[in-house]
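Trainee: Input: one structure, supplied below.
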């Protein structure tokens with residue numbers, strides 16, 4: 001396995017070199033590439049990944065490309081920053097791995113390293129290459145737990161071409177004149193499998209999350225969270241009032257509801273949450289996004305310690321998502337705890353569910 005990892009690291013070094021390929025190509029950010037056949041593509045804010053999972057053997061491989069950003073002016077510094085954000089912080093890998101540096105004929109510099117990691121107690125390897133040059137950096141990470149994926153990874157990497165003429169947009173400053181009023185939402189998903197000590201597949205551990213904030217003109221707010229995992233759903237609702245002082249956002253929670261399986265909670269809950277916030281771009285896009293930071297929370301990016309929510313609608317008039325509304329008991333409906341079903345159904349990740357009354361269904365790409 002270690003020899004295979006070394007070979008992949010060397011392949012990663014030559015990413016910027018153009019190779020003729022007559023296969024159908026795709027473009028992400030500054031990269032043009034041939035997608036691996038029969039791998040599942042997943043897109044998100046600032047990332048594109050390709051996943052291959054063998055449920056019978058419990059093996060997997062994930063290739064992830066990250067949106068380019070401004071270089072620090074030194075390839076080693078670029079790598080160190082990306083290694084910390086993408087490998088050390090989420091996977092507790094060694095902080096100073098042995099790196100390899102390669103300069104391509106057209107001027108790109110690629111710094112690569114590999115390290116053993118654990119994902120839900122499963123042994124795996126993380127291989128990161130950060131390509132720097134022409135004022136920008138571009139990162140590609142491979143996570144795998146079996147050498148059988150080496151050929152597919154190698155083929156994918158050898159056919160990537162980077163556009164050195166592409167411009168990196170300068171960060172857009174937060175616009176303090178933008179209102180927080182509106183509906184803000186996010187979505188995230190992860191693919192995983194539970195396996196036994198021998199690596200044999202047990203069942204899926206795919207997880208999907210959606211969070212939504214509604215801020216009204218009358219200084220009331222509502223928060224809704226839906227998480228699906230293992231064909232079960234956890235939902236949470238809270239509401240109350242909010243206040244803003246400069247960059248400080250205070251949520252005064254008056255009502256709280258939640259449900260998971262047969263566990264349910266519906267009560268008046270007096271508590272306060274404090275956030276730093278701004279309305280504007282996130283790390284990757286101009287938005288506008290609602291960017292919120294809570295002291296003590298974990299954030300994967302050292303230079304961007306925020307959760308972010310995309311604006312999906314303006315709310316010009318006051319709504320009635322107030323603490324005094326919807327005090328009916330919580331009832332179990334098809335595995336999802338809801339106060340009342342709207343009669344409509346939806347699919348969230350691997351979960352089929354009844355849409356709770358008063359919830360809006362929005363699809364994100």
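Trainee: Please list, ordered by first then second residue, the pairs with beta carbon atoms under 6 Å, 6 or more apart or interchain, first in segment 162-183 and under 14 Å from residue 71 (Cβ atoms), second surrounded by 14 or more Cβ atoms within 10 Å (Cβ to Cβ) and at pLDDT below 55.
Mentor: 162/16
Trainee: Looking at this structure, is residue 140 over 19 Å from residue 30 (Cα atoms) and touching a helix residue (DSSP H, G or I) at 6+ places or on another chain (Cβ under 9 Å)?
Mentor: Numbers: over 19 Å from residue 30 (Cα atoms): no; touching a helix residue (DSSP H, G or I) at 6+ places or on another chain (Cβ under 9 Å): yes.
Against the criterion (over 19 Å from residue 30 (Cα atoms) and touching a helix residue (DSSP H, G or I) at 6+ places or on another chain (Cβ under 9 Å)), residue 140 does not qualify.
Trainee: Please determine, by comparing only the residues of segment 70-96 that are crowded, with 19+ Cβ neighbours inside 10 Å and touching a helix residue (DSSP H, G or I) at 6+ places or on another chain (Cβ under 9 Å), which one is farthest from residue 282 (Cα to Cα).
Mentor: So, considering only residues that are crowded, with 19+ Cβ neighbours inside 10 Å and touching a helix residue (DSSP H, G or I) at 6+ places or on another chain (Cβ under 9 Å), the one farthest from residue 282 (Cα to Cα) is 93.
Trainee: Let me ask something additional. With 64, 34, 27, 59 as the choices, which residue is at pLDDT 90 or above, over 25 Å from residue 145 (Cβ atoms) and assigned by TED's automatic domain parsing to the domain that holds residue 104?
Mentor: 27
Trainee: Could we say that residue 110 is surrounded by 16 or more Cβ atoms within 10 Å (Cβ to Cβ) and either more than 22 Å from residue 30 (Cβ to Cβ) or in the same structural domain as residue 300 (by TED's automatic domain parsing) (or both) here? Spell out the reasoning first.
Mentor: Numbers: surrounded by 16 or more Cβ atoms within 10 Å (Cβ to Cβ): yes; either more than 22 Å from residue 30 (Cβ to Cβ) or in the same structural domain as residue 300 (by TED's automatic domain parsing) (or both): no.
Taking the combined requirement at face value, the residue does not satisfy it.
Trainee: Hey, which of the strands (runs of 3 or more DSSP E) in segment 238-298, taking only ones fully inside, have at least 2 residues that are at pLDDT 90 or above and more than 21 Å from the chain's Cα centre (by Cα)?
Mentor: In segment 238-298, the matching strands (runs of 3 or more DSSP E) lie at 248-260, 263-280.
Trainee: Still on this structure, please answer the following. All but one of (1) at pLDDT below 70; (2) part of a loop (DSSP other than H, G, I, E, B); (3) surrounded by fewer than 16 Cβ atoms within 10 Å (Cβ to Cβ) hold for residue 166; state the number of the condition that does not hold.
Mentor: For residue 166, the exception is condition (1).
The values are calculated or read from the model by the stated rules, or taken from the named source; none is laboratory data. As the structure is a prediction and not an experimental result, all values here were calculated from the model. Every residue, glycine among them, receives a Cβ derived from its backbone with ideal geometry; neighbour counts consider all protein chains shown.
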